[in-house]
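The values are calculated or read from the model by the stated rules, or taken from the named source; none is laboratory data. Everything numeric here is computed off the predicted structure, so don't read it as measured data. No Cβ is skipped: glycine too gets one built from the backbone with ideal geometry, and neighbour counts run over all protein chains shown. Protein only, heavy atoms only, side chains kept; ligands, DNA and RNA dropped before computing areas. Shrake-Rupley method; radii C 1.70, N 1.55, O 1.52, S 1.80 Å.
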Amino acid sequence: MTAALEVKNLSTRFHMVSHTVRAVDDVSFTLGENEILAIAGESGSGKSAAILSLLRLIPPPGEIDPESRVFFEGRDILGIGEKQMNGLRGKRISMIFQEPSASFNPLFTVGSQIAEVLRVHLGLSKAESARRAGEALAQVRIPNAQKRVRDFPFQLSGGMLQRSMIALALACGPRILLADEPTTALDPTTSLRILELLKEKTQGAGMSMIFVTHDLELLSGFADRIMVMYAGRIFESGPAGLMLERPLHPYTQDLLAAIPRPGVFKDSGRLYSIQGRVPAAGSRPSGCAYHPRCRLASPRCAQEEPDLVQKENSFVRCRLYV
Ligand SMILES: Nc1ncnc2c1ncn2[C@@H]1O[C@H](COP(=O)(O)OP(=O)(O)O)[C@@H](O)[C@H]1O
Ligand SMILES: [Mg+2]
């Protein structure tokens, strides 16, 4: 597998007044060419911080550890100048943000903002970029796209804005797409269509993608590999089909058991849900961070954090596999 992106020892911390949050803690992985890698985990596990770090979009008091490395096309992009970084952002590596308001300026029409990106990054003429902006909106199934280009962000529904943001991210034909919960605001049918479109882009257009979600259910038949994060750490990573069928880590098992599926309701008729909560920012439990919530925790789990070890084609961080 040739790599589109290689991430080594990525750590990102937020230095708060009273404590430091280790949002991403020594994360290493490779994104293959044409691959869909999903990062999954509950809210607060560090998924957004991880992908924002790849484009150096971490605002103070956040800081990316200087030992972190992100290799793209032969160079460490955490070390390049801001100008070079700006040349990559939105063009070679683009991002769908969790919050649509992070992508669009409320003062300009959606179409003009997509056209602007096409003009700046691809050097297209005004007329050509306006035409392509309409096409980009049509591609994400916005009805009357050639009219909608003249709408301001506030004139679009949440779902349409979300789709416009996806259109913006795809407009320049990026090598890598970083998608942060891109379908959360969409109804199930639109969501499915968007996932199909994204998958098509990775197969036909030579794009690789990191797809962030808290919803493992979306990933069946979509992701190639899944990386499960908890408290800033990788807990499990491996081929998607295998993980969804036979999850190794108790945390992954619990996440999957919490998905509503016909026929798997427990005797009580109630859905299994994970006990306890994600650790509060800045108060990571000792040992394995999941131990206070884990059904299978032993006293040792409170003391030692296991390494990430290989188990057949997957990697897992749990004492059960050491
Ligand atoms: N701008 C920020 N300032 C302080 N803490 C932050 C900031 N962004 C994220 N964090 C903290 O970093 C951790 C990971 O957050 P995040 O990456 O947003 O998680 P996820 O995307 O998995 O929900 C959380 O504890 C969160 O509170
Ligand atoms: Mg997030």
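Of note:
- Per the listing 86, 34, the residue uniquely open to solvent by 60 Å² or more (accessible area, probe 1.4 Å), out of contact with any Ser or Thr (no Cβ under 8 Å at 6 or more places or on another chain) and not assigned by TED's automatic domain parsing to the domain that holds residue 142 is 86.
- Residues within region 25-56 that are over 14 Å from residue 70 (Cα atoms), within 12 Å of ligand 1 (Cβ to nearest atom) and in a strand (DSSP E or B), tallied: 3
- Hey, residue 272 at pLDDT 90 or above, more than 16 Å from ligand 2 (Cβ to nearest atom) and either loosely packed, with under 15 Cβ neighbours inside 10 Å or not in a strand (DSSP E or B) (or both) or not: no
- Conditions (1) outside any loop (DSSP other than H, G, I, E, B); (2) in the same structural domain as residue 42 (by TED's automatic domain parsing); number of the one not met by residue 133: (2)
- Test: residue 157 is within 24 Å of residue 54 (Cα to Cα) and among the small types (Gly, Ala, Ser): no
- Among residues of region 31-44 that are closer than 15 Å to residue 253 by Cα and within 16 Å of ligand 2 (Cβ to nearest atom), those with a beta-carbon under 8 Å from a residue that is of a type outside the set (A, V, I, L, M, F, W, C) and not in a strand (DSSP E or B) at least six positions away or on a different chain give the pairs 40/47; 40/214; 40/215; 41/47; 41/214; 42/214.
- Qualifying residue in region 41-60 (condition: surrounded by fewer than 16 Cβ atoms within 10 Å (Cβ to Cβ), in contact with a strand residue (DSSP E or B) (Cβ under 9 Å, 6 or more places away or on another chain) and on the phi < 0 side of the Ramachandran plot): yes
- Residue, nearest to residue 207 (Cα to Cα), within region 61-76, restricted to residues that are more than 7 Å from ligand 1 (Cβ to nearest atom) and open to solvent by less than 60 Å² (accessible area, probe 1.4 Å): 72
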